[in-house]
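Below is one structure; the comments refer to it alone.
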Amino acid sequence: MSSLRIESLVIAPQIGQHPEYELIVSPETRVFAFGESHFNAQSKQTVREGLQRIQSLKLGFTHVGMEMFDTSMQPFFDGYMATGEGRNLLYAGMLSSFTGWYSDVAEDYMTIVDTAKDLGMRVIALNAPPSHIRSETIDIYMSHIIKAILEETPDHKIVTFTGTAHAHKKMHPGTYPTMAENLEKDGYPVVSVFLTRRNYPLS
């Protein structure tokens, strides 16, 4: 497998358009970050297919972290992963926690949860409960959750799915450090793929 590394990659949100995962993900990759525009349904299909393609490379990814669910819902995730029951509770919980989600987009996020479950990956809620969300701390909050998973065992690897800004590694001057920046500062390199037409600066 090639050891080619790409720090950031922008792809258009078109159904079926994927990067060459075998060129940007290696056996040493422990954090792979999808960044999206939240209300674009096509990006969800790309993530579903991307999870399947990444797992087909047999690189040992164990977790999927999702910004769209807050950590109070983790017990419901664990129950759904173990028994297949409680999907409706996850769906309702997402809608009640983040009232801006449209119902059709919420179902798209749930199909990613289903895909992760079918692939044997544990889904992790990354977001803080709404009462705790602050723009300057949400990236720190998510990076701490991811770091804790990675520190449990060297075998843990995670695919994250967040808004593009959280997956970026060098935002504009004056902005808060992103989730990816915080992880890299702590020694965990991140491979990011952007599912948006917006051209954030790459470096």
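The values are calculated or read from the model by the stated rules, or taken from the named source; none is laboratory data. Keep in mind that this is a model prediction, so the values were computed, not measured. Don't worry about glycine lacking a Cβ; one is built from the backbone with ideal geometry, like all the others, and counts go over all protein chains shown.
Residue under question is S2, and the condition is that it be modelled with pLDDT under 70 and touching a helix residue (DSSP H, G or I) at 6+ places or on another chain (Cβ under 6 Å); does it hold?
Answer is yes for this residue.
Return the pairs, sorted by first residue and then second, in which the second residue is of a type in the set (S, T, Y) and assigned to a loop (DSSP other than H, G, I, E, B), the first residue lies in the range 16-41 and is outside the structural domain of V105 (by TED's automatic domain parsing) and under 19 Å from I112 (Cα atoms), the beta carbons are less than 6 Å apart, and the residues are 6+ apart or on different chains.
If the second residue must be of a type in the set (S, T, Y) and assigned to a loop (DSSP other than H, G, I, E, B), the pairs left are V31/Y188; S37/T196.
Is there any pair with a first residue in the range 52-65 that is at pLDDT 95 or above and surrounded by fewer than 17 Cβ atoms within 10 Å (Cβ to Cβ) and a second that is among the polar types (S, T, N, Q) and assigned to a loop (DSSP other than H, G, I, E, B) whose Cβ atoms are under 6 Å apart and which are 6 or more apart or on different chains, and what are they?
Between residues of the range 52-65 that are at pLDDT 95 or above and surrounded by fewer than 17 Cβ atoms within 10 Å (Cβ to Cβ) and residues that are among the polar types (S, T, N, Q) and assigned to a loop (DSSP other than H, G, I, E, B), there is no close pair.
What tally of residues in the range 73-124 results from selecting those that are over 21 Å from A167 (Cβ atoms), at pLDDT 90 or above and among the hydroxyl-bearing types (S, T, Y)?
2
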